[in-house]
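Everything below concerns the one structure shown next.
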Amino acid sequence: MAPKGDNVSVSSINLEKIFSMKGGKGELSYANNSQAQAKHASSMLHLLKETLDRMQLSSPEVPFVVADLGCSSGSNSINTVDAIIKHMAKRYDALGNDSPEFSAFFSDLPSTDFNTLFQLLPPLGNHGGSMEEALATDSHRSYFAAGVPGSFYRRLFPS
């Protein structure tokens, strides 16, 4: 159902257009104009890590999945997901456990520029080596990534 006010009726399709970010890597793109958001996200990382520290760890045989609902089309989403995965890998390591396989789902409206988002991802680390080697370098990522276009007000993932 579309939001309604006293004199306003807006369809959900129009809202998706209103709330979309400027894609690409140009001068006016979100990727090049989101420094304030990056600074704010960075200042909140300690809260995110405190929350992650309260999570019960699953067996390393169970994949660890991160879903960024409402992802940006720039590096802010990637930086947050990287921070989550690196922090969780350190938690597994601190207990003497192997790290699980990590996956990240980047989800936003279909109008989001997923192409730019995925071009900004570092290449996938060589899984012929150890997870620790992949996590120790910033030049490779240690997780599988997928885009999930759609509204988080609807079902995005299987049961």
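What follows is calculated from the coordinates using simple rules that are stated; it is not laboratory data. Keep in mind that what you see is a predicted model, and the values were worked out from it rather than measured. Backbone-built Cβ (ideal geometry, glycine too); neighbour counts: all protein chains shown.
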*Karplus couplings for region 57-65 from phi (6.51 cos²θ - 1.76 cosθ + 1.60, θ = phi - 60°), rounded to Hz, Gly and Pro as x?*
7, 7, 4, x, 6, 8, x, 9, 10
_Amide H contacts under 5 Å for residue 143, placed H, 5+ residues apart_ = 125
_Residue-by-residue Karplus 3J(HN,Hα) for region 75-83, coefficients 6.51, -1.76, 1.60, Hz, glycine and proline x_ = 6, 4, 5, 4, 4, 5, 4, 4, 4
*Return the long-range amide H neighbours of residue 66 (sequence gap of 5 or more, or a different chain), with a cut-off of under 5 Å between placed amide H atoms.*
103, 104, 105
*Which residues' amide hydrogens lie under 5 Å from the amide hydrogen of residue 72, considering only partners 5 or more residues apart or on another chain, with H built in the peptide plane?*
77
*Distance in nm between label sites at residue 37 and residue 53, each 7 Å beyond Cα in the beta-carbon direction?*
2.9
